[in-house]
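Trainee: Right, I'll just put the structure down here and ask away after.
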Amino acid sequence: MKTYFNDAIIGNKEVRCGLTDKGEIVRICYPNIDYRQFIEHLHMGVKVNDSGIIYLHNDVNNVYKQEYLEDTNILKTEIKNTYFNLRMEQTDFVSMTNNVIIRKYVFTNEHEISLDIKFLVHSKMLTEESNFVGAKLIEAGMLQYSHNYNMAIFSNELSLNSHKINGIDDEIKSGNLYDKDYIGMTNNSGISYEVGTLKPKETKEFSIMIYLFENNEKDKIEDLDASIDKMRKLEPKKEFQSTKKYWKSYLRTHITRIIEEDTSNRKNTNNIYKRTILLYPLLQNEKTGGIAAAMEVDENFSKCR
């Protein structure tokens, strides 16, 4: 189903990311926040014990709760799978110093039995005849690339379990990915990570990183690898703290007046005021001065003819 609307936005000065109220990333704009978006879908899921894939953004047994962390553009989505009693806390933010989307996860086993968990990423990029997409395995992840842009998905905390470069649609529902290919001309690929076995009440934390960078004539394979290796050394916890600090400082700098919160209506008014201040930098192109009206885009004019 085509998604036309976004329920939340995160970003920095070059990357803008739109998400649904279930934590699904539906758009990524880069290298300018009002420029092209290039993902068809970016789905995360888990395989628990002998189950098929359980998509985090869409499962009949999932219950959702979402909110921004106070006074920031950091989004937290709580996902509870009631069948396996697996609680998954997903925190999304974009680094303010690097064009990296970081998805920080906290998994908690609230079942009475142990849960063996694998984490899957299924990424399909938009492509066209004049700009085909390729994919290749990299250390602890995969790289998808076109003539203009690269998107690397990796983790520096989990080991890669398996992958599928070509023909992933035939296997993704089972949650089992097997492929001998390590490179291919395809826009539709996936990887699987080994989260491990969580005993009852046990918790596991890890992060998935999505790094965006441009192609140019000077780039060689070794240059791409070096660029990704540099991002792989980032520490998600430090990036989280610095991003949180940035947005809180931004808000303090731009607030001109706060109404005394002696009623719930006034508290709501202040919340709207703060969120408005935090939204504007995610809509403004600092290079051109242009301000986008919204993140919603009907790229193929299927509803706005």
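The values are calculated or read from the model by the stated rules, or taken from the named source; none is laboratory data. This one's a predicted model, so the numbers in the text were calculated from it and none came from an experiment. Cβ sites come from the backbone with ideal geometry, for glycine too, and all protein chains shown count toward neighbours.
Trainee: Going by the conditions given, is ASP169 at negative phi, part of a loop (DSSP other than H, G, I, E, B), modelled with pLDDT under 95 and out of contact with any Leu (no Cβ under 8 Å at 6 or more places or on another chain)?
Mentor: Values: at negative phi: yes; part of a loop (DSSP other than H, G, I, E, B): no; modelled with pLDDT under 95: yes; out of contact with any Leu (no Cβ under 8 Å at 6 or more places or on another chain): yes.
Spelling it out, it is not the case that ASP169 is at negative phi, part of a loop (DSSP other than H, G, I, E, B), modelled with pLDDT under 95 and out of contact with any Leu (no Cβ under 8 Å at 6 or more places or on another chain).
Trainee: Which of the residues belonging to the stretch 148-201 are exposed (fewer than 14 other Cβ atoms within 10 Å of the Cβ), over 16 Å from TYR55 (Cα atoms) and touching a residue at least 60 places away in the same chain (Cβ under 8 Å)?
Mentor: ASN148, THR197, LYS199, PRO200, LYS201
Trainee: So is LEU19 out of contact with any helix residue (DSSP H, G or I) (no Cβ under 9 Å at 6 or more places or on another chain), of a type in the set (A, V, I, L, M) and farther than 23 Å from SER146 by Cα or not?
Mentor: On the way: out of contact with any helix residue (DSSP H, G or I) (no Cβ under 9 Å at 6 or more places or on another chain): yes; of a type in the set (A, V, I, L, M): yes; farther than 23 Å from SER146 by Cα: yes.
So LEU19 fits the description; yes.
Trainee: On the given criteria, is GLY52 of a type in the set (Gly, Ala, Ser), buried (at least 19 other Cβ atoms within 10 Å of the Cβ) and either over 17 Å from ILE208 (Cα atoms) or touching a Leu at 6+ places or on another chain (Cβ under 8 Å) (or both)?
Mentor: No.
Trainee: Another question, then. Of everything in the stretch 62-95 that's out of contact with any strand residue (DSSP E or B) (no Cβ under 7 Å at 6 or more places or on another chain) and surrounded by 17 or more Cβ atoms within 10 Å (Cβ to Cβ), which residue is farthest from ILE208 (Cα to Cα)?
Mentor: Out of the qualifying residues, it is ASP71.
Trainee: Moving on. Looking at ASN32, ASN49, ASN6, can you tell me which residue is more than 30 Å from GLU286 (Cα to Cα) and not charged (D, E, K, R)?
Mentor: ASN49
Trainee: Which residue pairs have Cβ atoms under 9 Å apart, sit 6 or more places apart or on different chains, and have a first residue in the stretch 69-83 that is free of Cβ contacts under 8 Å to residues at least 40 places away in the same chain and a second that is aliphatic (A, V, I, L, M) and part of a loop (DSSP other than H, G, I, E, B)?
Mentor: Correct list of pairs: LYS76/LEU69; ASN81/LEU56; TYR83/VAL60.
Trainee: Being over 23 Å from LEU279 (Cα atoms), touching a His at 6+ places or on another chain (Cβ under 9 Å) and modelled with pLDDT of 95 or more narrows it down to one residue among HIS111, HIS43; which is it?
Mentor: HIS43
Trainee: Taking interchain pairs and intrachain pairs at least six residues apart, which have beta carbon atoms under 8 angstrom, with the first residue in the stretch 41-52 and closer than 16 Å to ASN161 by Cα and touching a residue at least 40 places away in the same chain (Cβ under 8 Å) and the second among the small types (Gly, Ala, Ser) and part of a strand (DSSP E or B)?
Mentor: LYS47/SER192
Trainee: Which residues, taken from the stretch 114-144, are touching a helix residue (DSSP H, G or I) at 6+ places or on another chain (Cβ under 8 Å), at pLDDT below 95 and not hydrophobic (A, V, I, L, M, F, W, C)?
Mentor: GLU139
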